[in-house]
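Read the figures in this text as sums done on the coordinates, not as results from a lab. Remember, it's a predicted structure, so these values are computed and weren't measured experimentally. Using ideal geometry, Cβ is built from the backbone for each residue, glycine included, and neighbour counts are taken over all protein chains shown.
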Amino acid sequence: MIVQNAPADVLSDVLRLMQARTLCSARLAARGDWSIRFQPPHTIKFNVVTAGTCWIRADGPGGADAPQRLDAGDCFVVVRGGFVLASAPDLPPVPADEVFRGPDGVARIDAADGAPNGADEVRFLGGSVRFDRLDGGLLFDLLPRLLMIRGGAPGAAPVGWLLEQLDREWRGGTVGSQLACNDLLRLMFVHALRTHLSEQPPQGANWLAASLDPSIGRVLGAIHAEPCRNWTLAELAGIAGRSRSGFAAAFRERVGMPPIDYLMRWRMRLAATRLRQGQDSISVIAASLGYLSDSAFSATFRRIMGVSPARYRKEAYQEAAFDRGSAIGG
């Protein structure tokens, strides 16, 4: 058997940094007139309509979007901000906390006076996931706040199946279920993102749009495969199959910065994540990213991140302790 390493994948690298963690699984069944406002704090919501028809409207700091109809088989991902689910677009919503009162994440609304049992029932299956708040912005800032995957789209069936498995794992509580839930959610997000990118390719100068460009995408993959390597412009241009001047201009146009700047910034992103989440010394982190001296690494880190590595780690630890205290107190 021959085992080969998969080629470097820029999106996979970013998703690894984001560290998806499952928070909950939820089910909803509703009849009649109903409207619920969800305001998830710093989480991503995955949902699939398993029966019936209803409406969704994303809202938040950027204002409210136009309502969109949801039918059985439709999936949606709320990337950021709140949203309203309702049986009709203009009904006043009640907070989700008033509906999902139990610890099991199951809610039922029956407001269909006189209707036959089970008539016009809408059913949902959903899950919530939290990503690293800082690294998550790498991707989420480039996406609309609501991703829609219609039932006929190629990505709908995998997302619906994965949500069913998530619900089963979450409620089963068997050995390894937490890891399984986290992996299922990562798979869901990849499928949803693939569908979105195929239907609405990203615009502007950014790494996500550039990763879809064949030649620039190869260069990004090479940088991510060996971030510690001291890449030269000539080497990167050769990977792209262009002259140095043509490659440099194309990279800046697609990514929004020169290639060596992108390399430095990706290195510092990796360093910042390890400073926040790990125990490696600054010297170990610097050496792993190709720096021959701590001073050279620290100077680059300060230039890009605005503070020294030691100060960054200290402030990150203090912020994490404050967040844990707030969660316990809340």
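Pairs of alpha-carbon atoms within less than 8 angstrom and 6+ residues apart define the contacts here; what relative contact order does the chain have, in percent?
Dividing the mean separation by the residue count of the chain yields 18 percent.
Against the 2.2 N^0.38 Å scaling, with N counting residues, where does region 10-199 land? I'd like the Cα-based Rg ratio to two decimal places.
The value comes to 0.99.
Going by average Cβ density within 10 Å per residue, which order do the peptides 304-310, 219-225, 127-133, 234-240 take, highest to lowest?
The most tightly packed comes first, giving 219-225, 127-133, 234-240, 304-310.
Spin-label point model (7 Å from Cα, Cβ direction): what's the GLN68 to ASP110 distance in nm?
3.3 nm
Helix 259-277 against the longest principal axis of the chain: what's the angle in degrees, Cα atoms only, rounded to the nearest 10?
Compared with the principal axis, the helix lies near 60 degrees.
Using only helices, what value at 222 nm comes out for the chain when you add -39,500 (n - 2.57) per DSSP H run of length 4 or more and divide by the total residues, to the nearest 500 deg cm²/dmol?
Roughly -15000 deg cm²/dmol at 222 nm, from the helical runs in the chain.
Place +1 on the Cβ of every Lys and Arg and -1 on the Cβ of every Asp and Glu in region 10-199, take the dipole about the Cα centre, and give the residue among TRP55, LEU142, LEU125 whose Cα lies farthest towards its positive end.
So the residue furthest toward the plus end is LEU142.
What is the projected area of the convex hull of the Cα atoms of region 207-318, averaged over all directions, in nm²?
Averaged projected hull area, Cα only: 7.0 nm².
I'm spelling it out carefully: the read-out is Kirkwood radius over Cα pairs in Å, the candidates are (1) 20.3; (2) 22.2; (3) 21.4, and one was derived from this structure. Which label?
(2)
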